[in-house]
Amino acid sequence: MIVTKIEPQAGTKTRFRVHVDEETSFVLYKGELSRYHIEEGAELDDETYEEIICKVLSKRAKARALHLLNDMGRTESQLRMKLLKGGYPEEVVDEAVAYVKSFGYINDAEYARSFIEGRKDRKSRMELYAALCRKGIAREEAEQALTDYYDGEDSRTAIEAILRKKKFDPQTADYIQKQKMGGYLMRKGFRYDEIRHALSIREA
């Protein structure tokens, strides 16, 4: 393997991205470049590369993963992306993710349930499903979590929360105003029968 390029990480003078054979890359501190005699154009033997991966980057990635999860809850996909952006090779990221998963620190199903629990009173099922998918939750896990936590009663509560926020009272609103609000709620993903029921409750 040949070190084809060494470039400083943006915003720092102590961390450098090392490119090997113009394909693999990883990030090391300036002192580590000296310790392993890494220079542009120099050969990087397999033994040294394995030592860097196993003794330096693997340990660092695990610590970084724990720090990120301690900072805030994340899905597996979010954690992977964060580590990859940090300059860790994919094989190191895989190991770090497996490490934190072994302790139960990552659980996408639990993350989805917690995410829904905190938002179901103000979001439609469709909005929550889309948000979970954007966060990297598998479609099957998102659907299962929604089935467990989101029912018609939750939809009505969410709609009523939106109406309060909008200062919209169906009891005093005219037909045109209700039509506009109904259209707004449908665009947010609520079903027609949920909207009609929620709007008519206050008319009784």
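See the values below:
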item: Subset of the range 117-150 (residues that are in a loop (DSSP other than H, G, I, E, B) and of a type in the set (Lys, Arg)); result: Arg119, Lys120, Arg122, Lys123, Lys135
item: Options Thr14, Thr24; residue that is in contact with a Pro (Cβ under 7 Å, 6 or more places away or on another chain) and either hydroxyl-bearing (Ser, Thr, Tyr) or without any contact (Cβ under 8 Å) to a residue 40 or more places away in the chain (or both); result: Thr24
item: Among (1) under 26 Å from Lys82 (Cβ atoms); (2) outside any helix (DSSP H, G or I) - the single one Ala112 does not satisfy; result: (2)
item: In the range 158-204, the residues that are of a type in the set (Gly, Ala, Ser) and either outside any loop (DSSP other than H, G, I, E, B) or within 18 Å of Met126 (Cβ to Cβ) (or both); result: Ala158, Ala161, Gly182, Gly183, Gly189, Ala198, Ser200
item: Selected residue [touching a residue at least 40 places away in the same chain (Cβ under 8 Å) and either in contact with a Ser or Thr (Cβ under 6 Å, 6 or more places away or on another chain) or of a type in the set (A, V, I, L, M, F, W, C) (or both)] from Ile116, Ile106, Ile137, Ile195; result: Ile137
item: In the range 131-171, residue modelled with the highest pLDDT [restricted to those that are among the charged types (D, E, K, R) and surrounded by 14 or more Cβ atoms within 10 Å (Cβ to Cβ)]; result: Lys135
item: Residues of the range 1-52 classified as assigned to a strand (DSSP E or B) and polar (S, T, N, Q), total; result: 3
item: All positions within the range 110-130 that are farther than 23 Å from Glu194 by Cβ and either crowded, with 21+ Cβ neighbours inside 10 Å or under 13 Å from the mean Cα position of the chain (by Cα) (or both); result: Tyr111
item: Matching residues in the range 94-109 - criterion: being surrounded by 21 or more Cβ atoms within 10 Å (Cβ to Cβ) and part of a helix (DSSP H, G or I); result: Ala96, Asp108
item: Test set (1) over 27 Å from Leu128 (Cβ atoms); (2) surrounded by fewer than 13 Cβ atoms within 10 Å (Cβ to Cβ) - Ile52 fails condition number; result: (2)
item: Within the range 77-93, considering residues that are exposed (fewer than 14 other Cβ atoms within 10 Å of the Cβ) and closer than 13 Å to Arg64 by Cα, the one modelled with the lowest pLDDT; result: Lys85
item: Arg187 vs. criteria at pLDDT 80 or above and surrounded by fewer than 15 Cβ atoms within 10 Å (Cβ to Cβ); result: no
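The values are calculated or read from the model by the stated rules, or taken from the named source; none is laboratory data. Note that the structure is a prediction, hence the values are computed from the model and not measured. As a convention, Cβ positions derive from the backbone with ideal geometry for all residues, glycine included, and neighbour counts pool all protein chains shown.
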